[in-house]
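Engineer: Got a structure for you, written out below as structure tokens; questions coming shortly.
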2 protein chains.
Amino acid sequence: MANGYTSDLSGDDIRSNSDVPEVVVQRLPLYVRVLSQFESAGAEMVSSEHLGTQLQMTPAQIRKDLSYFGRFGKQGRGYNVKRLALELRSILGLDRQWNAGLVGVGRLGRAIIAYPGFRPEGFRVVAAFDADPSVASSAIGDIDVRPIAEIKNTVADLGIRIGIVAVPAANAQSVFDALVEAGIKAILNYAPVAPQVPPNVKVRGIDPVLALQSMTYFLKPDRTDG
Amino acid sequence: MANGYTSDLSGDDIRSNSDVPEVVVQRLPLYVRVLSQFESAGAEMVSSEHLGTQLQMTPAQIRKDLSYFGRFGKQGRGYNVKRLALELRSILGLDRQWNAGLVGVGRLGRAIIAYPGFRPEGFRVVAAFDADPSVASSAIGDIDVRPIAEIKNTVADLGIRIGIVAVPAANAQSVFDALVEAGIKAILNYAPVAPQVPPNVKVRGIDPVLALQSMTYFLKPDRTDG
């Protein structure tokens with residue numbers, strides 16, 4: 001094709017494909033971010049070698065990841081930066097807005113509401129919930145804080161698809177249960193717990209301690225490759 | 001053995017083993033956390049089936065993960081909770097204290113310094129750095145804020161092994177370069193960038209937007225398994 005870009009699959013075919021390994025789906029946002037950086041730098045085409053350098057992956061891994069979603073790029077010409085970014089954003093569902101509900105408005109929850117990085121990427125916290133009756137019934141900025149018992153109705157009323165959990169560990173599982181009961185299928189978890197959810201519910205943990213603990217293995221003084 | 005626990009490898013053999021897949025190392029902190037929960041609940045033994053339920057993994061995956069580090073548990077008897085937790089903490093290097101240096105003391109950096117979750121797990125922010133000269137030369141709590149140019153000396157003086165990056169995206173790569181130049185081999189990255197580091201330097205990103213973006217794929221309305 002004229003723009004150096006081909007795709008075997010229509011959007012609908014792509015979307016109904018559930019055989020994509022989860023780890024590949026988890027890498028796609030990184031691709032989108034790196035492609036945006038290339039775009040900002042004025043690059044029109046990018047090779048899998050160059051993408052690989054940025055993502056610390058091999059070119060073969062990158063070609064394999066992308067092959068799950070169709071054929072992008074032309075042999076020897078690389079990928080059209082803008083087109084690939086658009087396509088991956090569409091595959092990931094990033095070409096629309098997603099409403100989120102936050103549970104727990106302590107210090108962490110308030111920082112999450114104030115976090116400026118969500119909205120430009122299409123994520124909007126539209127409701128907040130708290131178990132403390134004195135907090136629930138207040139408002140933070142333009143967001144009403146409601147009792148936990150109102151999760152289910154609010155999720156339905158406001159079209160909330162994403163839950164954000166920022167409660168203490170001891171209360172976390174019951175909050176997960178309430179979100180699942182309300183039909184939520186994607187949860188961002190700031191609580192330091194491994195929650196129990198049904199297999200069709202995705203949970204991503206934001207946990208700096210776990211991240212640190214997965215690096216110290218490589219720091220130990222008797223490792224020869226450190 | 002009397003406690004239902006066996007191990008084929010000495011600590012030193014375990015530590016020099018660099019053939020453990022990184023994804024396995026990344027899961028071990030989750031094992032430790034779940035084992036701590038079992039311990040708090042008074043459990044003495046736990047099966048790979050039960051661990052699997054908690055971690056949403058198959059028992060076979062769990063046995064395979066653990067087999068990289070020796071043989072834990074006895075056929076049909078499961079794992080000694082306390083002993084396995086201790087051993088995994090030792091393998092991960094969590095049985096000691098790690099000093100960290102934070103770069104960037106804006107709103108996010110200050111929240112990281114104030115975060116109460118690090119210290120009980122053995123992670124201590126002992127120094128902070130900022131490019132703004134008016135901030136560097138101040139102090140936050142008992143932590144001095146120093147100029148970026150002092151990273152290398154401070155890392156050596158205070159035995160800092162871990163870097164934490166909380167600067168805006170535009171400044172992030174130069175901060176990574178400075179940390180790598182100072183000999184840091186483990187970096188917790190809060191900046192929304194994919195940094196370039198040598199292969200022997202580990203980076204873990206804390207990025208709620210990437211986490212959200214890796215879930216929306218599964219939320220799209222035309223998915224049949226959502």
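The values are calculated or read from the model by the stated rules, or taken from the named source; none is laboratory data. Note that the coordinates shown come from a computational prediction; the quantities given were computed from them, not determined experimentally. Cβ: placed from backbone, ideal geometry, glycine included. Neighbour counts: every protein chain shown.
Engineer: Would you be able to tell me the number of residues in region A:84-114 that are part of a helix (DSSP H, G or I), within 26 Å of A:G70 (Cα to Cα) and not hydroxyl-bearing (S, T, Y)?
Structural biologist: Filtering region A:84-114 for residues part of a helix (DSSP H, G or I) gives A:84-92, A:107-114.
When the remaining residues are screened for being within 26 Å of A:G70 (Cα to Cα), the result is A:84-92.
Remaining after also requiring not hydroxyl-bearing (S, T, Y): A:84-89, A:91-92.
Result for region A:84-114: 8.
Engineer: Something else: What's the total number of residues in region B:21-48 that are within 9 Å of chain A (Cβ to nearest Cβ) and within 24 Å of A:V23 (Cβ to Cβ)? Full working, then the answer.
Structural biologist: Taking region B:21-48 as the starting set, the residues that turn out to be within 9 Å of chain A (Cβ to nearest Cβ) are B:22-23, B:25-30, B:32-34, B:37.
Going one step further and asking which of them are within 24 Å of A:V23 (Cβ to Cβ), we end up with B:22-23, B:25-30, B:32-34.
Number of matching residues: 11.
Engineer: Does region A:109-117 contain any residue that is under 14 Å from the mean Cα position of the chain (by Cα) and surrounded by fewer than 16 Cβ atoms within 10 Å (Cβ to Cβ)? First the steps, then the outcome.
Structural biologist: Let us first name the residues in region A:109-117 that are under 14 Å from the mean Cα position of the chain (by Cα), namely A:117.
From the residues that got through so far, the ones that are surrounded by fewer than 16 Cβ atoms within 10 Å (Cβ to Cβ) too are A:117.
Looking for residues that are under 14 Å from the mean Cα position of the chain (by Cα) and surrounded by fewer than 16 Cβ atoms within 10 Å (Cβ to Cβ), one finds at least one in region A:109-117, hence yes.
Engineer: Could you check region A:98-145 and list, in sequence order, the residues that are within 19 Å of A:G159 (Cα to Cα), more than 12 Å from chain B (Cβ to nearest Cβ) and without any contact (Cβ under 8 Å) to a residue 12 or more places away in the chain?
Structural biologist: Of everything in region A:98-145, just one residue is within 19 Å of A:G159 (Cα to Cα), more than 12 Å from chain B (Cβ to nearest Cβ) and without any contact (Cβ under 8 Å) to a residue 12 or more places away in the chain, namely A:D142.
Engineer: Let me ask something else. Just checking, how many residues over region A:170-203 are small (G, A, S) and either facing another protein chain (nearest Cβ under 9 Å) or touching an Asp or Glu at 6+ places or on another chain (Cβ under 9 Å) (or both)? Let's see the steps before the verdict.
Structural biologist: Within region A:170-203, the first condition is being small (G, A, S), and the residues that meet it are A:170, A:172, A:174, A:178, A:182-183, A:186, A:191, A:194.
Add one more test, that the residue is either facing another protein chain (nearest Cβ under 9 Å) or touching an Asp or Glu at 6+ places or on another chain (Cβ under 9 Å) (or both), and what stays is A:186, A:191, A:194.
Final tally of qualifying residues: 3.
Engineer: Let me ask another. All but one of (1) more than 23 Å from B:F123 (Cβ to Cβ); (2) at pLDDT 95 or above; (3) among the charged types (D, E, K, R) hold for B:D225; state the number of the condition that does not hold.
Structural biologist: Here B:D225 meets the rest and fails (2).
Engineer: Quick one: would you say A:V197 is without any contact (Cβ under 8 Å) to a residue 60 or more places away in the chain and of a type in the set (A, V, I, L, M, F, W, C)?
Structural biologist: Values: without any contact (Cβ under 8 Å) to a residue 60 or more places away in the chain: yes; of a type in the set (A, V, I, L, M, F, W, C): yes.
The answer is yes for A:V197.
Engineer: Taking into account only those residues within region A:74-97 that are buried (at least 16 other Cβ atoms within 10 Å of the Cβ) and over 18 Å from B:Y217 (Cα atoms), which is modelled with the lowest pLDDT?
Structural biologist: Looking at residues that are buried (at least 16 other Cβ atoms within 10 Å of the Cβ) and over 18 Å from B:Y217 (Cα atoms), I get A:G78.
Engineer: So B:L51 clears everything in (1) of a type outside the set (S, T, Y); (2) in contact with a helix residue (DSSP H, G or I) (Cβ under 7 Å, 6 or more places away or on another chain); (3) within 10 Å of chain A (Cβ to nearest Cβ) except one condition, right? Which one?
Structural biologist: All conditions pass for B:L51, except number (3).
Engineer: With respect to A:N153, is the statement that it is farther than 25 Å from B:G117 by Cβ, surrounded by fewer than 20 Cβ atoms within 10 Å (Cβ to Cβ), of a type outside the set (D, E, K, R) and at the interface with another protein chain (Cβ under 7 Å from one of its Cβ atoms) true? It would help to see each step written out before you state the result.
Structural biologist: Working: farther than 25 Å from B:G117 by Cβ: yes; surrounded by fewer than 20 Cβ atoms within 10 Å (Cβ to Cβ): yes; of a type outside the set (D, E, K, R): yes; at the interface with another protein chain (Cβ under 7 Å from one of its Cβ atoms): no.
In short, no.
Engineer: Same structure, new question: Any residue in region B:180-190 that is more than 28 Å from A:S36 (Cα to Cα) and surrounded by fewer than 20 Cβ atoms within 10 Å (Cβ to Cβ)?
Structural biologist: Taking every residue of region B:180-190 in turn, at least one turns out to be more than 28 Å from A:S36 (Cα to Cα) and surrounded by fewer than 20 Cβ atoms within 10 Å (Cβ to Cβ).
Engineer: Let me ask another. When residues of region A:162-177 are filtered for being surrounded by fewer than 18 Cβ atoms within 10 Å (Cβ to Cβ) and either in a helix (DSSP H, G or I) or under 18 Å from the mean Cα position of the chain (by Cα) (or both), how many remain? Before the answer, list the steps.
Structural biologist: If we filter region A:162-177 for residues that are surrounded by fewer than 18 Cβ atoms within 10 Å (Cβ to Cβ), which is where we start, we get A:168-171, A:173-174, A:177.
In the following step, the residues that additionally are either in a helix (DSSP H, G or I) or under 18 Å from the mean Cα position of the chain (by Cα) (or both) were identified as A:169-171, A:173-174, A:177.
Looking only at that region, the number is 6.
Engineer: Right, something else. Across region A:59-73, what is the total count of residues that are under 23 Å from the mean Cα position of the chain (by Cα) and either in a loop (DSSP other than H, G, I, E, B) or at pLDDT below 90 (or both)? Don't jump to the end; show me each part of the working.
Structural biologist: Start the filter on region A:59-73 by keeping residues that are under 23 Å from the mean Cα position of the chain (by Cα), which leaves A:61-70, A:72.
Filter again for either in a loop (DSSP other than H, G, I, E, B) or at pLDDT below 90 (or both), leaving A:68-70, A:72.
Here the count works out to 4.
Engineer: Sticking with this structure for a sec: Taking region A:117-161 on its own, how many of its residues are outside any loop (DSSP other than H, G, I, E, B) and farther than 19 Å from A:I184 by Cα? Before you say what the answer is, go through the steps one by one.
Structural biologist: The initial filter retains those residues of region A:117-161 that are outside any loop (DSSP other than H, G, I, E, B), namely A:119-121, A:123-130, A:136, A:138-140, A:143-158, A:160-161.
If we keep only those that are farther than 19 Å from A:I184 by Cα as well, we get A:119-121, A:136, A:138-140, A:143-144.
Residues flagged as outside any loop (DSSP other than H, G, I, E, B) and farther than 19 Å from A:I184 by Cα within region A:117-161 amount to 9.
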